[in-house]
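Comments concern the structure below.
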Amino acid sequence: MSLDKRNSINNILEEKRIFHPSKKFAENSNISSQEELLNLKKRASDNPMQFWESFAKSELDWFKPFQTVLDSDNAPFFKWFKEGKLNITYNCLDRHIKRGIGGKTALIWEGEPGDSKKFTYEELLKEVCKAANALKTIGVKRGDLVCIYMPMIPEAMFAMLACARIGAPHSVVFGGFSSEALKDRLIDGNAKVVITADGGFRKDKVIELKRAVDTAIESGADKVVEKVVVVQRTKKNISMINGRDFWWHELLIDQKEECEPEIMNSEDRLFILYTSGSTGKPKGVVHTTGGYNLWSHLTFKWIFDLKDDDIYWCTADVGWITGHSYIVYGPLSNGATTVMFEGVPRPSNLGAFWEIVQKYKVSIFYTAPTAIRAFMKSGREIPDKYNLDSLRLLGTVGEPINPEAWMWYKEVIGNNKCPIVDTWWQTETGGVMISPLPGVVATKPGSATFPLPGIEVEIVDKNGDKVQENEGGYLIIKKPWPGMMRTIHGNSERYLESYWEYISFKGEKNVYFAGDGARIDEDGYIWIMGRVDDVISVSGHRLGTMEIESALVSHKSVAEAAVVGKKDDLKGEVIVAFISLEKDVNSSSELVEELKKHVVIEIGIIAKPEKIIISDALPKTRSGKIMRRILRSLAGGEKISGDISTLEDSSVLEKLKELS
Ligand code: WTA
């Protein structure tokens, strides 16, 4: 790992502008004064256990109360609220009906071709119960892992909640992943059932999800998968296997609309979600019930300053953690109205986003910097055609936002009246960790500002020593928090190595390393500098270089591969691959295209390399390690700086310079 590549980014972020929330917003916000915020932070640092206990009790409904707030006996395998019993779907659905808001709209769904649906809390509970009962009839039991591989349709939400209702952890796999990637996740998680759809509409095309499931099962996942449930979305022809495959609508037709929630232990698994790391295959991040429920709930409430009549829209896909925490669990646990859209931003539908804001009077809008940059590129004429007056708060997530995009978002979309919450977090953290509270914290374009109450972060060097003001370093989290991941599915060693043992601390233990670099400025604002490991973020989608390299070398023509990220104005980063070919294979543009396709087949379209550079050899140290630092500079068209004396054969460099 190296901080070099990020320090250069650091230098250009000399942002001095500062924006205070408007008087009107501040006066009406749930946390509206510095005193209140300081008091929250003080409570959290003076007595963290009491702090978490009070929120766990006031914000969630428990079937049985907990006695222990945090059990650190086997740290960093922490346990939160361990004796407590609850069901997250009770907190997301039943309790709102009990307090009389069952008629409130829970979900507004807008389909890609323009169809739409709405569900009240009462209706949503019924759908979830029917689906839960249907899962039981095909043999799903508490503790069985269910994979959800779906387009962005209401049934994706129903399926997640139905699993949680009966205590079957879900493993949602983003619908853009290929059958190969799906297969790996099915096998690793030991998924007994897959819930999918005949297909999904995306970018004017039909994504053949069921066919991908069939391929995954045929190519090895038959070891684990017993049943497949298929939602009818596109009505395109698919093959159904008798006894294995069931239509969702047929299974649900006679199911009861009630299903008692399973009484879950606080530390029972709620879900696994796969994410990329710097080594090996994607890892199944494990989240459990009580802590995750509290953290997704509380962060949603704090950051989005929720009011009863808000219409909230997060544009993520439920296949990512943002969709889990901020389309499904966080909003529903708070009784909010959450919007779900089947489409993704693309040149031909950029107006669709603002049309949805206008149509449903969306008041809180949460999206990724990549989307904002795409909107920006296509010009303000598009959003200017729509009435966006309903918006009162804007958010960003997933990657650093450049100040220009931040300013554009504020001026063009927010009409200078909406605060922006730039939220930093990860699949592993379960919910947001660093973000402004919109009514109180003055924002600087490009800074995620401060940690939330209860969260303690620091920027340190490799030895764990705190770095100077404005100096780049590793972002660490110093205290456990309820929404933290519990382990990596089937690989507790990797959990320890990746997150808890990377930085050597003098005396301090149980410090979580996030994989990101950051700096803290003279006013205490945190500036995230991006990943410092071999993880690339393409349009905010996290990909491990090693995964892409493995995909490339699995092709018969490729001898060696090294993948790096290259800065991109629109997508944040794009993938550049340097490869050498097997003996007797000749380089050609057809081969380059074939290799790009091969990566798409192995992982999915999001991993398609922007550029593949074929060379006789890759730059290596004398001990045989590929010097990625050099490749990164080459890919970015930068001057090669730093020590190259360890390079085994410096002529390789000259040749590569010509090719890049
Ligand atoms: C990056 C997404 C800068 C970061 C929620 C992190 C961010 C990774 C921000 C996690 C932000 C997320 N500013 N960078 N506001 N939010 N990141 O697991 O590098 O898909 O480690 O979770 O995204 O990506 P993941």
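The values are calculated or read from the model by the stated rules, or taken from the named source; none is laboratory data. What you see is a predicted model, and the numbers here were worked out from it, not measured in a lab. All Cβ positions, even for glycine, are placed from backbone atoms using ideal geometry, and neighbour counts span all protein chains on display. SASA here: full protein model, heavy atoms, side chains in, ligands and nucleic acids out. Shrake-Rupley method; radii C 1.70, N 1.55, O 1.52, S 1.80 Å.
Relative contact order of the chain: what whole-number percent is it, with Cα pairs under 8 angstrom and at least 6 residues apart? Show your work: numbers first, answer last.
Details: 1419 pairs, mean separation 90.7, N = 660.
For the chain, the relative contact order is 14 percent.
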Residue-level accessible surface for MET49, protein heavy atoms, 1.4 Å, Å²: 70 Å²
Carbon/sulfur fraction of accessible area - the chain, other protein chains in place, 1.4 Å, %: 48 percent
The chain - Cys residues lacking any other Cys C-beta under 4.7 Å: CYS92, CYS147, CYS163, CYS314, CYS418
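Size of the dipole of the chain about the Cα centre, Lys and Arg at +1 and Asp and Glu at -1 on the beta carbon, nothing else charged, in debye to 20? Don't skip to the end; give the middle numbers.
Working: 86 positive and 92 negative charges, 130 e Å.
It comes to approximately 620 debye.
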Dipole moment magnitude, nearest 20 debye, the stretch 352-499 about Cα centre, only Lys, Arg, Asp, Glu C-beta charged: 520 debye
Nearby lysines by direct alpha-carbon distance to LYS478 (threshold 18 angstrom, same-chain neighbours under 8 apart not counted): LYS41, LYS42, LYS79, LYS462, LYS466, LYS506, LYS509
Positive-pole candidate from VAL328, GLY284, TRP313, dipole of the stretch 200-354, charges at beta carbon: GLY284
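Label the stretch 413-480 by shape, choosing from rounded, prolate and oblate, from the square roots a ≥ b ≥ c of the eigenvalues of the Cα gyration tensor; if a/c is under 1.5 it is rounded, and otherwise prolate applies when a/b is larger than b/c, oblate when it is not. Don't jump to the answer; show the numbers that get you there.
Numbers: a/c = 2.51, a/b = 1.71, b/c = 1.47.
Prolate is the answer for the stretch 413-480, as a/c is 1.5 or above and a/b outweighs b/c.
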Gyration tensor verdict on the stretch 140-258 (Cα atoms; rounded if a/c is under 1.5, prolate if a/b is larger than b/c, oblate otherwise): rounded
All aspartates and glutamates inside 15 Å of LYS126 as judged from Cα atoms, apart from same-chain residues fewer than 8 positions distant: ASP94, GLU155, ASP254, GLU257, GLU258, GLU260
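Per residue, how many Å² of accessible area does the chain show with a 1.4 Å probe?
Details: 25880 Å² over 660 residues.
Averaged over the residues of the chain, the accessible area is 39 Å².
Taking square-rooted eigenvalues a ≥ b ≥ c of the alpha carbon gyration tensor, is the chain rounded, prolate or oblate, where a/c under 1.5 means rounded and, failing that, a/b exceeding b/c means prolate?
Numbers: a/c = 1.42, a/b = 1.16, b/c = 1.23.
It is rounded, given that a/c, with a ≥ b ≥ c, falls under 1.5.
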Count of lysine pairs in the stretch 189-277 with Cα separation under 17 Å (8 or more residues apart, or interchain): 9
Distribution of pairwise C-alpha distances over the stretch 540-660, 10 Å bins, in %: 13, 46, 34, 7
Helix-only CD estimate at 222 nm, as mean residue ellipticity for the chain, using -39500 (n - 2.57) per DSSP H run (n ≥ 4): -8500 deg cm²/dmol
